[in-house]
Amino acid sequence: MKLASIDIGLKRIGIAINLTGDIVTPQNAILRKNRNQAAKDVNSFLNEWEIEKLIIGCPSASPDMQKRIEHFIKLLELKIPFEMQEENMSSIEAEELMKGNIKYKRDGRVDSLAAKIILERYLSK
């Protein structure tokens with residue numbers, strides 16, 4: 001089953017995919033201009049890769065962000081199954097993994113690495 005995960009943020013949406021086996025690959029993040037554009041871009045990505053299930057990172061520690069994520073999911077109008085996955089600390093873990101590399105801009109690499117961590121957590125359940 002082809003899986004994708006997203007780490008929804010206010011400025012970027014990190015994306016990772018798992019097409020076969022246990023290999024999870026981060027993809028280029030989606031830069032958000034507005035909610036509708038971001039939802040359209042996520043849908044296009046899911047269709048392009050023929051994703052069969054979406055894993056969505058959700059922070060249990062932030063009720064405000066949970067509401068924003070629920071609203072964004074409604075904008076996606078998903079035709080595939082999806083599941084929520086606890087994502088607490090995934091961005092911090094991703095930033096730790098990036099340390100020592102060339103200084104990164106806010107281009108979405110950390111966000112997509114966080115999405116990779118979220119999908120790996122899901123697969124390890």
inquiry  = Quick check on segment 71-101: of everything there that is assigned to a helix (DSSP H, G or I) and under 14 Å from the mean Cα position of the chain (by Cα), which residue is surrounded by the most Cβ atoms within 10 Å (Cβ to Cβ)?
reply    = SER90
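What number of residues in segment 1-29 are among the β-branched types (Val, Ile, Thr) and part of a strand (DSSP E or B)? Don't jump to the end; show me each part of the working.
Applying the first criterion (among the β-branched types (Val, Ile, Thr)) to segment 1-29 yields 6, 8, 13, 15, 17, 20, 23-25.
With the extra rule that they be part of a strand (DSSP E or B), the set shrinks to 6, 8, 13, 15, 17, 25.
Residues in segment 1-29 being among the β-branched types (Val, Ile, Thr) and part of a strand (DSSP E or B): 6 in total.
If you take the residues in segment 30-40 that are in a helix (DSSP H, G or I) and in contact (Cβ under 8 Å) with a residue 12 or more places away in the chain, which one is surrounded by the fewest Cβ atoms within 10 Å (Cβ to Cβ)? Explain how you work it out, then say what you get.
Just the residues of segment 30-40 that are in a helix (DSSP H, G or I), to begin with: 35-40.
Those still in the list that are in contact (Cβ under 8 Å) with a residue 12 or more places away in the chain too: 35-36, 38-39.
Details: ARG35: 12, ASN36: 9, ALA38: 22, ALA39: 19.
Ranking the qualifying residues of segment 30-40, first place goes to ASN36.
Name every residue in segment 41-70 that is assigned to a helix (DSSP H, G or I), within 12 Å of the chain's Cα centre (by Cα) and in contact (Cβ under 8 Å) with a residue 60 or more places away in the chain, in order of residue number.
Hit for segment 41-70 is ILE69, nothing else.
No value in this document is a laboratory result; all are computed from the given coordinates. Given the structure is predicted, the values throughout are model-derived calculations rather than measurements. Cβ sites come from the backbone with ideal geometry, for glycine too, and all protein chains shown count toward neighbours.
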